[in-house]
Amino acid sequence: MTATENPKTYKWVGTRPIRHDGYDKVVGKARFAADLNLPGQLHAAYLRSPHAHANIVSIDTSAAEAMPGVKAIVTGDDFPALDITDPNHDVSINVLARGTVLYHGHAIAAVAATTKAEAQAACAAIEVEYELLPVVLGIDEAMAEGAPLANEQNYQKFVGPTDPSNIATHTPLERGDADAAMAEADIVIEREFDCAHVHQGYIEPHACVVDTGADGKANVWASSQGHFMVRAISAAVLGWETSRIKVTPAEIGGGFGGKTTVYLEPVAARLSEKAGRPVKLVMSREEVLRSSGPAPGAKLRIKIGATKDGELTAIDGWMAYQVGAYGDFAGMVGAMSVASYKFPNLKLESWGVLSNTPKTAAYRAPSAPHAAFAIESVIDDIASELEMDPIDLRLKNAAVEGDLTAMGMPHPRIGLVECLEALKASDHYQSEPAEGAARGLAVGFWFNIGEQSSATVNLNEDGTATVITGSPDIGGSRASMALMAAEELGIDVYSITPVVADTEAVGFTDVTEGSRATFATGKAVVEACRELKVELCRRAAQIMGVDEDQVAWVDGAAVSPGHGGGEGGEPLTLAAITAQAKRTGGPLTATASLNAAGAGPSFAVHCADVKVDDETGQTEIVRYTAVQDAGTAIHPSYVEGQMQGGSVQGIGWALNEEYIFSSDGVLMNPGFLDYRIPVASDLPMIETIIVEVPNPSHPYGVRGVGETGIVPPMATIGNAIKAATGVRMTSLPMSPPKVLKALDEAD
Amino acid sequence: MSRTHITCTVNGEATDFLANPATSLLDALRDELGLTGAKEGCGTGDCGACSVLMDGKVTCACLVFAPEAEGRDLLTVEGLSSGDGAEGDHLHPLQQTFLEGAALQCGVCTPGFLVAAKALLDNNPDPTETEIRYALAGNLCRCTGYDKIIRSVQEAAVQLRSAT
């Protein structure tokens, strides 16, 4: 359902055609990276560290080299050492360790052999001598005075290189006088929260096939959120020129941020170069969980002050994000993501803190979910303390155009108020919770980003069109590109073939991340189509024998007062013009490349009714509604899908999912049996309300919808548990044992 | 290791292939027979992306050794449509409702869901929402939150019932 109608009406935008790539995906033909096999292909496997932190004293591969089927072995020594200030330094020492292993499961060597079993057997025959180092696992431990270093090569960003540190980043943000405002507030609530590491949990493990030829050029087929990113990072890690690598995007089996970096491709490229044969490298699920992803864990202290009539006057927050063994930027975003309320006084600091755990990666609105869990929980406690409706309290303080984010940036036109009002008017909120259930709600914000995109649109001889972009389709973006092109050109959406092209067939395009594909790549598609419409009118004028300024493009055809469009001849359709392309100036094609500005901030409000079993501590979601401002929903089904998928990932984060480490840093639950993501029987339907407050910076008003949906669920459910039990849960996941313990302590 | 000769029926056709006794049925289907519709998401029977029907029963192909397929009747996602996998009328109602209902985003879990849903509807043409949710609880999807998958199975059940 759509709560606020877009003022404009469109023929194609906002409709729900079957996606173009769907057919291959329901008959088993869609080709994911692991589905590809090349003639003469070898299979590779990794030797990974059995220790969470150790110096590598020596590596002896001689026994492994003599094993049957072994064709090539690589270690960190086969790659150049990048300077500590190089932006790809950390990823280069993550793909294969150099001298030191930084987490359990850190790759040390890789073997290519005729079969995977032979490669694995050879890995087991590699002899490594280790010198164990202290293992740093906790945030408090890492930040303590005199703490051992988790990574001797980490320097605090924007400060170093000076002294090595367990701190990746420190981000203080301040406006007004939070201390004075707290002292004057009628009510102040402060709580401490913690969040376990969680994994993105894409069902397709990382995979690639690489064929490095005798000319030194590498052909890479890979599953990623951005094949230009794979090319750039692989080239940097290999010490190659970018043009030596061609990356063809395979279908991607889920990413959610976790496939915005590189693990396999440079390793496979070097193995292939050494062996002279193609190499296939596929992670197991255990490797995915031990050695890729996860999202940071966190500790947060949030204090909020308010007047007795519910005006939020100040926030004072301390946030520490555990970013893994490398100096990731994740810690910076926590404080920056505070943007939903006016907060005249604000004092926030967020930290990125290292530990001997896997290098963290982005996960849908990275770092915002942790902060929202804490802040929206405290705000809920303020509402109940003041006996105010939780929507009314939020409406009273909701940010609108011109209000400042924590970073001090004024919001453009945003739709938070519209989202809150849509929930308030919804059937869900207007109905009483079912017998035994109680309700919670929370708000989420995400920036969304623009970045660089390219698109080429080719008009074919028969009047069909090919729309070529460089944005991997991670959940329906081919369909949204085709819909926008159909709207622009005025032809049927199925006359358009949307293509995701390789790095040599389309202009540079940044990663599918930051909810940017439909916004930024869509903008490039629209620009290319608009350029084509000008050219189509020029060709039509030639054919009609009229001046160019006498021709306009209306409903997929050129019309001119003197030739069609009312008097005399028929309008010239796109197909009629392309059929005569040869004699009017040649092929009709246009390319647009841009660095998109004006990404539209996105807000969501979620509402959950839950039942808590006081004997087991189990929380059951009985009803769930997600409201989100999409700007404009190009293909509403896939907008709903993003909202529903984000909600359920958040439900898993709220109730089940967590990385459990042993005291020596070994992940104890590296499989889907024990790292339990939600299954169909855990859930109700996820109701959706799409709010459309168009983004003025996109031709159709798109904001991007991929990420915001994961921000509200944890607080939504925590607030519902509080409503059901009276107990405030402050630790994620709110798993049955933790809820039971909290219930027992409250008795 | 010497390879075993295995004879079985795959998607209605008599088929034979060679495989090492320790090879999983999933690897044999994918690498020996070129049927890459079934995916390996975990290799431990936890995600259902490799689901195939073995004598009509949903089976994780990653948990079965290839020689166990001897004499069995296998159905993979490639055999679900009535024709050769071409578009349009040949699609199984589940494939059509998954497309129309936007029940897939990345699509990597889709083959497993389709096969598991077919087994459900073969045995229970009129399942409740709860029965569908439990029948598909062995198939993980990380993109959709399951909502559109469940609705598409419900719609396919309606279509299949009205067709008979």
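Throughout, read-outs are computed from the coordinates displayed, never taken from laboratory work. Nothing here was measured: the structure is a model prediction, and the numbers come from that model. Note: ideal-geometry Cβ built from the backbone for every residue, glycine included; neighbour counts use all protein chains shown.
Please work out whether the stretch A:53-126 counts as rounded, prolate or oblate from its C-alpha gyration tensor, where a ≥ b ≥ c are the square roots of the eigenvalues and a/c under 1.5 means rounded, while otherwise a/b larger than b/c means prolate and anything else oblate?
Values: a/c = 2.35, a/b = 1.95, b/c = 1.20.
Prolate shape, in that a/c is at least 1.5 and a/b is the bigger ratio.
The mean number of partner chain beta-carbon atoms within 10 angstrom of a residue's beta-carbon across peptide A:634-641 is 3.
Please compute, for peptide B:35-46, the average count of beta-carbon atoms on other protein chains lying within 10 Å of each residue's beta-carbon.
Numbers: counts 1, 9, 7, 1, 8, 8, 9, 10, 5, 6, 3, 9.
Per residue, the number of nearby Cβ atoms from other chains is 6 on average.
Per residue of peptide B:107-115, the mean number of Cβ atoms on other chains within 10 Å of the residue Cβ is 6.
Which of rounded, prolate or oblate describes the stretch A:565-649 when judged by the alpha-carbon gyration tensor and an a/c cut-off of 1.5?
Details: a/c = 4.07, a/b = 3.19, b/c = 1.28.
Note, shape of the stretch A:565-649 comes out prolate.
Kirkwood Rh and Cα-based Rg: tell me the resulting Rg over Rh for the stretch A:370-434, rounded to two decimals. Result for the stretch A:370-434 is an Rg/Rh of 1.01.
Between residue A:65 and residue A:681, what length comes free when the chain is fully extended (0.36 nm per residue of separation minus the Cα-Cα distance, one decimal in nm)? List each step's numbers first, then the result.
Details: separation 616, 0.36 × 616 = 221.76 nm, distance 4.89 nm.
Roughly 216.9 nm would be gained on extension.
Extension gain for residue A:10-residue A:674 works out to 234.3 nm (0.36 nm per residue, less the C-alpha to C-alpha distance).
Under Stokes-Einstein, with the Kirkwood radius over Cα pairs standing in for Rh, what whole-number D in µm²/s applies to the stretch A:118-241 at 20 °C and 1.002 mPa s? Please report the intermediate quantities before stating the final value.
On the way: Rh = 21.0 Å.
It comes out at roughly 102 µm²/s.
Which angle between 0 and 90 degrees, to the nearest 10, do you get for helix B:110-123 versus the longest principal axis of chain B when only C-alpha atoms count? Once rounded, the angle reads 80 degrees.
Based only on the alpha carbon positions, what is the Kirkwood hydrodynamic radius of the stretch A:458-520, in angstrom? Please report the intermediate quantities before stating the final value.
Details: mean 1/r = 0.0824 Å⁻¹.
The Cα-based Kirkwood calculation yields 12.1 Å.
The residues A:292, A:602, when put in order of fewest to most other Cβ atoms within 10 Å, stand as A:292, A:602. Computed from the Cβ-Cβ distance with R0 of 41 Å, the FRET efficiency linking residue A:597 to residue A:425 stands at 0.75. If the label point is 7 Å along Cα→Cβ of residue A:38, which residues in the stretch A:210-247 have backbone nitrogen under 12 Å from it? Inside the label zone: A:210-222, A:245-247. Between residue A:127 and residue A:664, the modelled labels are 2.1 nm apart [label points 7 Å from Cα along Cα→Cβ].
When the listed pairs A:274/B:39; A:259/B:148; A:303/A:523; A:259/A:582; A:116/A:259 are checked against a 32 Å cut-off, the alpha-carbon distance exceeds it for A:303/A:523; A:259/A:582. P(r) for the stretch A:146-200, please, calculated from all Cα pair distances in 5 Å bins and given in %. Result returned by the calculation: 4, 13, 13, 12, 16, 14, 14, 10, 4, 0.
Calculate the FRET efficiency for residue B:163 and residue A:186 from the Cβ-Cβ distance with a Förster distance of 51 Å, rounded to the nearest 0.05. Please list the in-between numbers first.
On the way: r = 66 Å, r/R0 = 1.29.
The pair residue B:163/residue A:186 has a calculated efficiency of 0.15.
Within the stretch A:664-706, all pairs of alpha-carbon atoms sorted by distance into 10 Å bins from zero give the percentages 18, 24, 20, 23, 14, 1.
Beta carbons within 10 angstrom, averaged per residue: use that to sort the peptides A:704-710, A:360-366, A:407-413, A:619-625, highest first.
On the way: A:704-710: 30.3, A:360-366: 27.3, A:407-413: 13.9, A:619-625: 22.3.
Packing proxy ranking, top to bottom: A:704-710, A:360-366, A:619-625, A:407-413.
Would you mind classifying the stretch B:1-88 by shape? Square roots of the alpha carbon gyration tensor eigenvalues, ordered a ≥ b ≥ c; an a/c under 1.5 is rounded, otherwise it is prolate if a/b is larger than b/c and oblate if not.
On the way: a/c = 1.75, a/b = 1.23, b/c = 1.42.
Oblate.
Give me the distance between the Cα centres of the stretch A:203-235 and the stretch B:112-147, rounded to whole Å. Each part's Cα centre sits 35 Å from the other's.
Can you compute the equivalent ellipsoid semi-axes for chain A, i.e. the square root of 5 times each eigenvalue of the Cα gyration tensor, sorted largest first and rounded to whole Å?
The equivalent ellipsoid of chain A has semi-axes of 42, 39, 22 Å.
Set against the 2.2 N^0.38 Å expectation for a compact globular protein, chain B has a Cα radius of gyration ratio of 1.02.
Quick one, what does Rg over Rh come out to for the stretch B:1-48 if you take C-alpha atoms and the Kirkwood Rh? Write out the running numbers ahead of the final one.
Values: Rg = 11.5 Å, Rh = 11.7 Å.
Over the Cα atoms of the stretch B:1-48, Rg/Rh equals 0.98.
Over every pair of different alpha-carbon atoms in the stretch A:290-363, take the mean of 1/r and invert it; report that Kirkwood radius in Å. Don't skip to the answer; put the middle values down first.
Numbers: mean 1/r = 0.0745 Å⁻¹.
Mean inverse Cα-Cα distance, inverted, gives 13.4 Å.
From the alpha carbon centroid of the stretch A:355-404 to that of the stretch B:11-57 is 46 Å. Annotation for the stretch A:408-475 versus the stretch A:505-527: alpha-carbon center distance of 16 Å. Which of the aspartates and glutamates could be linked to residue A:396 by a straight reach, that is with a Cα gap under 13 Å, when you skip same-chain ones fewer than 8 residues away? Qualifying aspartates and glutamates at Cα under 13 Å: A:309, A:311, A:418, A:421.
Here the peptides A:520-526, B:51-57, B:123-129, A:178-184 are ranked by packing, the mean other Cβ count within 10 Å, and the order with the highest first is A:520-526, B:51-57, A:178-184, B:123-129.
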